[in-house]
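Written out below as structure tokens is the structure these notes cover.
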Amino acid sequence: MRNRLPGLFLLPLLALAAVAGCGDSDPGSAPGASSFPATPRTEFGGDRPVAIQVPTSYTADRPTPLLVILHGYGANGFFQEQYLGLAPLVERQGILIVAPDGTPDASGQRFWNATPACCGSGGPSVDDVGYLRGLIADIRHDYNVDRQRIFLVGHSNGAFMAHRLACEAAHEVAAIVSLAGATFADAAACRPSEPVSVLDIHGDADDTILYQGGQIGRSPYPGELDTMMHWQVYDHCAPGLVSDPMPLDLDFRLIGNETNVQRFNDCARATDVELWTIHGGGHIPNISHSFPTDLWQWLSDHPKQ
């Protein structure tokens, strides 16, 4: 694959759209309302500050789902959330949302240190797994987060990062959605401690992160079928992708219900491994009106068991 990453993630997002302090990352037992501060913080993340979005219905005596949005290379949390159209979920579904920023690389583009293939040139010294785990732990300190419903949604480089966190912090993450990303090329590099539900969404006409796999520089990344097969093994699913007869409409510029749904069945701990293929879809799909609802419905159906 050609190394086309700089700027490819940010500029289309701008056009479509018209962001650590580390605590104890052990989930522990569910606290009561008196365990939380009377005036919780509204900003977290240390030297990469991020505001938390809190529904008006929030009360400290009721566990609330947390959704973490991870942006693509060169973008930021604010534009990623706007592009995906997830902000209305805060009030509509009563959830907490954070959309943090990655670290600027040598060219000033924000990135996540996800896999050897993707992305950035900031070097492996950036511990984004530690940053994100610390961010989640700090939010849990101030808010009654439903620890069975901590979800990640990532696009492109953020999708690679979602996969990495599912690999390395499986006990904290219930489910991830990866849009136009992939996991590690080396299946042995991912050793999740327990099953995690995984949904990959990818356009088969993506010419940036190739649906069939490729490489960035000299580092390979797997295609979607290999990514799914890795997670089929990790989550102890029955072999063989099964097609759903009901396609979805995720890209408004493509005619009809262009997205095919496939999944592995009988995964451990009631998890699911699914692939939504946007036929004719590119790296930055033209998000349909139903996309945020479909995405959230899938996540909410996959709490940690």
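The values are calculated or read from the model by the stated rules, or taken from the named source; none is laboratory data. Nothing here was measured: the structure is a model prediction, and the numbers come from that model. Methodologically, a virtual Cβ is constructed for each residue, glycine included, from the backbone with ideal geometry; neighbour enumeration extends over all protein chains shown. Surface areas here come from the heavy atoms of the whole protein model, side chains and all, with no ligands, DNA or RNA. Shrake-Rupley method; radii C 1.70, N 1.55, O 1.52, S 1.80 Å.
A few notes on this one:
- When the range 242-265 is filtered for residues that are open to solvent by less than 50 Å² (accessible area, probe 1.4 Å) and under 22 Å from HIS71 (Cα atoms), the ones remaining, listed by number, are LEU250, ASP251.
- For GLY46, the conditions (1) open to solvent by 30 Å² or more (accessible area, probe 1.4 Å); (2) modelled with pLDDT of 95 or more; (3) over 30 Å from GLY213 (Cβ atoms) are fulfilled apart from (2).
- Of the residues making up the range 230-242, just one is part of a loop (DSSP other than H, G, I, E, B) and either in contact with a His (Cβ under 8 Å, 6 or more places away or on another chain) or under 22 Å from ASP206 (Cβ atoms) (or both), namely LEU241.
- ASP127 vs. criteria of a type in the set (D, E, K, R), surrounded by fewer than 23 Cβ atoms within 10 Å (Cβ to Cβ) and within 30 Å of ASP61 (Cα to Cα): no
- Of all residues in the range 134-165 being in contact with a helix residue (DSSP H, G or I) (Cβ under 8 Å, 6 or more places away or on another chain) and open to solvent by 30 Å² or more (accessible area, probe 1.4 Å), the one that is farthest from HIS230 (Cα to Cα): ARG147
- Residue match in the range 88-96 (condition: assigned to a loop (DSSP other than H, G, I, E, B), touching a Ser or Thr at 6+ places or on another chain (Cβ under 7 Å) and of a type in the set (Val, Ile, Thr)): yes
- Qualifying residue in the range 146-169 (condition: assigned to a loop (DSSP other than H, G, I, E, B), at pLDDT 95 or above and among the hydrophobic types (A, V, I, L, M, F, W, C)): yes
Let's see how each residue does on (1) outside any loop (DSSP other than H, G, I, E, B); (2) open to solvent by 10 Å² or more (accessible area, probe 1.4 Å):
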| residue | (1), (2) |
| --- | --- |
| SER193 | no, yes |
| ASP207 | no, yes |
| LEU225 | yes, yes |
| MET228 | yes, no |
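- Number of the condition not met by CYS118 [criteria: (1) at pLDDT below 95; (2) under 27 Å from GLY203 (Cα atoms); (3) in contact with an Asp or Glu (Cβ under 9 Å, 6 or more places away or on another chain); (4) not aromatic (Phe, Trp, Tyr)]: (3)
- Inside the range 266-297, residues that are outside any helix (DSSP H, G or I) and open to solvent by less than 60 Å² (accessible area, probe 1.4 Å) make up a count of 19.
- Cross-chain or 6+ apart pairs with Cβ under 7 Å, the range 254-274 first and closer than 16 Å to ALA205 by Cβ, then hydrophobic (A, V, I, L, M, F, W, C): GLU258/ILE278; THR259/LEU248; THR259/LEU250; THR259/TRP276; THR259/ILE278
- Among residues of the range 166-183, those that are open to solvent by 20 Å² or more (accessible area, probe 1.4 Å) and touching a strand residue (DSSP E or B) at 6+ places or on another chain (Cβ under 8 Å), counted: 0
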